[in-house]
Amino acid sequence: MSAAPLVGYSSSGSEDESEDGMRTRLGDGSHRRGHSPLPRQRFPVPDSVLNMFPGTEEGPEDDSTKHGGRVRTFPHERGNWATHVYVPYEAKEEFLDLLDVLLPHAQTYVPRLVRMEAFHLSLSQSVVLRHHWILPFVQALKARMTSFHRTFIGLEVTSGHAQFLDLVSEVDRVMEEFNLTTFYQDPSFHLSLAWCVGDARLQLEGQCLQELQAIVDGFEDAEVLLRVHTEQVRCKSGNKFFSMPLK
C-alpha cells in the first residue's frame, strides 16, 4: 500500500427516565358545616426552585460551547441514545509524530482546526436507538461480525476497501432490521485527523492538501506507519461501548 492520500471533507451525535407530577395542597383537611371554606392563597414559587430544572421536558438544553461549537445532528430526547459503529485506530507514537507535523501546517490555512482526541473509521452514520433496543442491536451486530478477518487502514483506505464495504453491508443489514439509516452510497473510508466548526474545504483543497500529501509521502517509513491490524469493530451508544472481535 502506498502512503495514504489526504482528504478534506465536511459533515452535516441516557437511560429511560420518567417524572410524575405532584401537586401539594395546604389546609387543615376539614371544613365546618355551614361555613364556606376559606379562600385558597397562592404563594409565589421562589426563583431558586424555578431555576432548578432548566431546559424542556424532552432533555437538557444543548449547549454547543461545551463541546467546541459542535451542534447535534438530532435533538436530545430522553430515552434516545446516539449510536455509532466504527473501527478503532490505536495511534502509535510515530503516527502522532506525523500528526504533529501535519496539523500545524494545516493550521496555517485554517487556524481553527482542532486535533482529534481519538481516531477511528466509521462503518455507520450516527443513528438514534431507544434504550431497550441497544442490547438486541449489539447482539445482531456481533452475529454478523464473526465471519470477518482483519484488514489494514491508512488516512484514506487504499488497501482493504472491499473488506470495509463487506463490513458496512453487514452493519447496514442490522440498521435495516431496526428501521435505521444505512451508511452512505459508495463511501470512502478515512481516518479523521482534525476538525473545525464550519465548512473549510475551500481553504484546505488544492495547495494545502498537496503540501500535506508531500509531508506524508516524505515522512520516514510512512507506508509501514499507516498500516495497522484491525482486530475489532466497536459500537458506541450513549456512554456505553461494545466490542466485536474479528477473526
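Counting only heavy atoms of the protein chains, get the accessible area per residue of the stretch 77-146 (1.4 Å probe) and round it to a whole Å² value.
Dividing the accessible area of the stretch 77-146 by its residue count gives 49 Å².
Which FRET efficiency value, to the nearest 0.05, do you get for Asp221 and Ala162 by plugging their Cβ-Cβ distance into 1/(1 + (r/R0)^6) with R0 = 25 Å?
Calculated value: 0.45.
Starting from 0.36 nm per residue, how many nanometres of slack lie between His105 and Leu135 once their C-alpha separation is accounted for?
6.5 nm
Would you mind telling me the share, in percent, of accessible area of the stretch 150-245 contributed by carbon and sulfur at probe 1.4 angstrom?
47
What's the ranking of 140-147, 214-221, 120-127 by average number of surrounding C-beta atoms within 10 Å, highest first?
120-127, 140-147, 214-221
In nm, what is the difference between 0.36 nm times the number of residues separating Glu231 and Glu93 and their Cα-Cα distance?
Fully extending the segment from Glu231 to Glu93 adds 47.7 nm.
How much length is gained if the chain between Tyr184 and Val114 is pulled fully straight, taking 0.36 nm per residue apart and subtracting their Cα-Cα distance, in nm to one decimal?
Answer, rounded to one decimal: 22.7 nm.
Only loop residues by DSSP count here, and only those with at most 10 other Cβ atoms within 10 Å; note down the GluC sites (Glu not before Pro) in the stretch 101-192 that meet that.
Glu117
Label Glu205 and Glu177 with points 7 Å out from Cα along Cα→Cβ: what is the distance between them in nm?
4.0
The values are calculated or read from the model by the stated rules, or taken from the named source; none is laboratory data. Quantities reported herein were computed from a predicted structural model and do not represent experimental measurements. Note that each Cβ is placed from the backbone with ideal geometry, even for glycine, and that neighbours are counted across all protein chains shown. Note: accessible area is taken over every heavy atom of the protein model, side chains too, but ligands, DNA and RNA are not part of it. Shrake-Rupley method; radii C 1.70, N 1.55, O 1.52, S 1.80 Å.
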